[in-house]
1. Starting from residues that are closer than 13 Å to residue 89 by Cβ and at pLDDT below 90, keep the ones in region 42-57 and report whichever is surrounded by the fewest Cβ atoms within 10 Å (Cβ to Cβ).
2. List pairs: first residue in region 74-99 and more than 11 Å from residue 55 (Cβ to Cβ), second residue surrounded by fewer than 10 Cβ atoms within 10 Å (Cβ to Cβ) anywhere in the structure, Cβ distance under 9 angstrom, at least six positions apart or on different chains.
3. Determine the pairs where a residue that is within 16 Å of residue 67 (Cβ to Cβ), located within region 37-52, has a partner that is in a loop (DSSP other than H, G, I, E, B) and modelled with pLDDT of 90 or more with Cβ atoms under 9 Å apart, the partner being 6 or more residues away or on another chain.
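The values are calculated or read from the model by the stated rules, or taken from the named source; none is laboratory data. Keep in mind that what you see is a predicted model, and the values were worked out from it rather than measured. Cβ: placed from backbone, ideal geometry, glycine included. Neighbour counts: every protein chain shown.
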Amino acid sequence: MTIEQKAEVWLTDFNKGGGWRKAAWLAGHAAAVEEYKELNGWVKVSERLPEAYTRCLVYCYDDYRLATYLGNGVWKLNGMQLYGITHYKLLTPPIKQKQ
């Protein structure tokens, strides 16, 4: 099974299962999840941070959230500071609608 297939299985199972199923799956497939994130544009915050005031998709506490990086290691979501962020992914530009 390729890493992409493992990641697809992970995402499907993760979204269906309860907390104990998620934890069990993550424990058995942590390496595959890490490899998938690195191969698809995910950046470790320990290696590099985005520019200040950049909105990103972040991975923290086994969940994905949209957050804004304010600089100096501070991430915010709806005015509240987020902790535990291990990876982020820059967002693509918004879709331009035809007028």
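1. Going through the qualifying residues, I end up with 48.
2. These pairs meet every condition: 86/46.
3. 43/49; 43/50; 45/73; 49/73; 52/72
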